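Reading through the structure tokens given below for one structure.
The values are calculated or read from the model by the stated rules, or taken from the named source; none is laboratory data. Here the structure is a predicted model, which means the values were calculated and not measured. Here the Cβ positions follow ideal geometry from the backbone for every residue, glycine too, while neighbour counts run over all protein chains shown.
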Amino acid sequence: MRLLVIEDERDLCEDIAKKLRLSGYEADICFDGEAALELLAVEKYDLVLLDLNLPKVDGMTVLRTLREHDQETGVLILSARSEISDKVDGLDAGANDYLSKPFHLEELEARVRSLTRRRFVQQDVCLRCGGLTFDTRSRTATADGQTLSLTRKESGILEYLLLNRGRPISQEELIEHVWDSSVDSFSNSIRVHISMLRKKLRAALGYDPIRNKIGQGYEIGADE
């Protein structure tokens, strides 16, 4: 699995690459947007970790240039810009995920695992967890062979939790990836949709696969 880390803070860039290499990834590094575009023109990467405030060529330009000819390579934005509008702009420009600075390297690695896992999941369109299956093409869910009647939001929540199985997902992250950006992270609407989804899963499976991780978010798993 080949990764490219594009970050102008050299110490941080090297720390990220070291962490990823210790986890078994191949990680190249560069420190400005111009060098990044040159590398991306001749090398193929599975995932790009992209800072936005780059010298020579800014990160958003790098992202848009990449997406003009490459829709497959995953992109994880790393940025000190933490406003919802910044995150929306990055995701709309073609990024797959957005991580605000400062961050812990452990969280960064978890995001990388999620994105690289998602790359392989796309080849196998069915996501599974115990007796629960979600078909990403037809966007239908079945529980022990029984087709579930889910709303669009419930399907989005379920798919994202399954894609990130083993990692708690906060309400803020659900907003970024499933919800409209104008929804407040403390909105009761989110909790209502999750509650209805859990009720349907419990009725079909005989247990609730979605667990509350206090202070962290929601995590999906098979019955223990």
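Of note:
- Some residue of region 75-96 being farther than 23 Å from Ile175 by Cα and of a type in the set (S, T, N, Q): no
- Residues (of a type in the set (S, T, N, Q) and modelled with pLDDT under 90) located in region 169-224: Ser170, Gln171, Ser181, Ser182, Ser185, Ser187, Asn188, Ser189, Gln216
- Gly130 passes every criterion in (1) more than 19 Å from Glu219 (Cβ to Cβ); (2) touching a residue at least 40 places away in the same chain (Cβ under 8 Å); (3) surrounded by fewer than 17 Cβ atoms within 10 Å (Cβ to Cβ) apart from (1).
- For region 19-34, filtered to residues that are at pLDDT 95 or above and surrounded by fewer than 17 Cβ atoms within 10 Å (Cβ to Cβ), the residue that is nearest to Ser114 (Cα to Cα) is Asp28.
- Condition met for Ile16 (more than 22 Å from Thr65 (Cα to Cα) and either surrounded by 18 or more Cβ atoms within 10 Å (Cβ to Cβ) or of a type in the set (Gly, Ala, Ser) (or both)): yes
- Residue within region 38-47 that is crowded, with 19+ Cβ neighbours inside 10 Å and under 18 Å from the mean Cα position of the chain (by Cα) present: yes
- Of all the criteria given as (1) at pLDDT below 90; (2) out of contact with any Leu (no Cβ under 6 Å at 6 or more places or on another chain), the one not satisfied by Leu127 is (2).
- Subset of region 54-89 (residues that are at pLDDT 90 or above, of a type in the set (S, T, N, Q) and within 19 Å of His104 (Cα to Cα)): Ser79
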